[in-house]
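Undergrad: First the structure, then my questions, so here it is.
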Amino acid sequence: MSKKVEFHFDFGSPNAYLAHKVVPEIEARTGVKFRYVPVLLGGIFKATNNVSPVIANQGIRNKGEYQFLEIERFVKKHGLTKFKFNSHFPVNTLQIMRGAVAAEIDGNLDAYIEAVMPAMWEQSLKMDDPDVIKSALDQGGIDGAHILARIQDADVKAKLVANTEDSVNRGAFGIPTFFVDGDIYFGKDRLRDVEEAISE
């Protein structure tokens, strides 16, 4: 019986992008499809009294530098040569995460993710500007105007809130978070453990 695997993500996390780029390799090896679940990282932080690593590492000698070193190693290991740290970081992702929910409801979440992930972490676009969002979506084959209209819908807003609350209630405190048959794994560096759990 196939394992149920979830990837709780927010486009604002560079580690979510990096994990996303490796997920297809795991899917190919295991034959198990990851279900992407849009959540709001800011909402998770607020609910768990957590803060971003950039803030948490302030004043801690060497830790911030080491985390960037880990990113560099991950990028090199997986050949992710297009990765570029977003010059507008941190980006308010409320609009694009509501957009992800709208795209999921409309049945085209995969295409939406493939439009937004590169915009954030390869093209370094300011993805909290509606005009930039629309342009990036249009270029990715998504109707940007439609998505920007949909993110105002009550059902879309409610679904993002519900996803985020559910993620927290199941143990999430940051992004990326994975669940394999309900068991939680946090961070891109746990992907090996995720794959082992899928293959058990």
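The values are calculated or read from the model by the stated rules, or taken from the named source; none is laboratory data. None of these values were measured; they are calculated from a predicted model. As a convention, Cβ positions derive from the backbone with ideal geometry for all residues, glycine included, and neighbour counts pool all protein chains shown.
Undergrad: How many residues, within segment 165-187, are aromatic (Phe, Trp, Tyr) and closer than 13 Å to Val37 by Cα? Let's see the steps before the verdict.
TA: Filtering segment 165-187 down to residues aromatic (Phe, Trp, Tyr) leaves 173, 178-179, 185-186.
When the remaining residues are screened for being closer than 13 Å to Val37 by Cα, the result is 178-179.
Count: 2.
Undergrad: With the requirement that a residue be surrounded by fewer than 17 Cβ atoms within 10 Å (Cβ to Cβ) and closer than 16 Å to Ala100 by Cα, what does segment 118-131 give you?
TA: Asp128, Asp129, Pro130 - these are the residues of segment 118-131 that are surrounded by fewer than 17 Cβ atoms within 10 Å (Cβ to Cβ) and closer than 16 Å to Ala100 by Cα.
Undergrad: Now, a different point. Do we find that Tyr36 is of a type in the set (Phe, Trp, Tyr), touching a strand residue (DSSP E or B) at 6+ places or on another chain (Cβ under 7 Å) and touching a residue at least 24 places away in the same chain (Cβ under 8 Å) in this structure?
TA: Values: of a type in the set (Phe, Trp, Tyr): yes; touching a strand residue (DSSP E or B) at 6+ places or on another chain (Cβ under 7 Å): yes; touching a residue at least 24 places away in the same chain (Cβ under 8 Å): yes.
Answer is yes for this residue.
Undergrad: Restricting segment 158-195 to residues that are part of a helix (DSSP H, G or I) and hydroxyl-bearing (Ser, Thr, Tyr), which is nearest to Pro24 (Cα to Cα)?
TA: Filtering segment 158-195 for residues part of a helix (DSSP H, G or I) gives 158-169, 188-195.
So of that shortlist, the ones also hydroxyl-bearing (Ser, Thr, Tyr) come out as 164, 167.
Numbers: Thr164: 24, Ser167: 23 Å.
Per the stated criteria, the residue is Ser167.
Undergrad: If you don't mind, there's one more thing I want to ask. Sort out which residues of segment 3-37 are closer than 17 Å to Asp193 by Cβ, outside any helix (DSSP H, G or I) and modelled with pLDDT of 95 or more, and write them in order of number.
TA: Lys4, Val5, Glu6, Phe7, His8, Val32, Phe34
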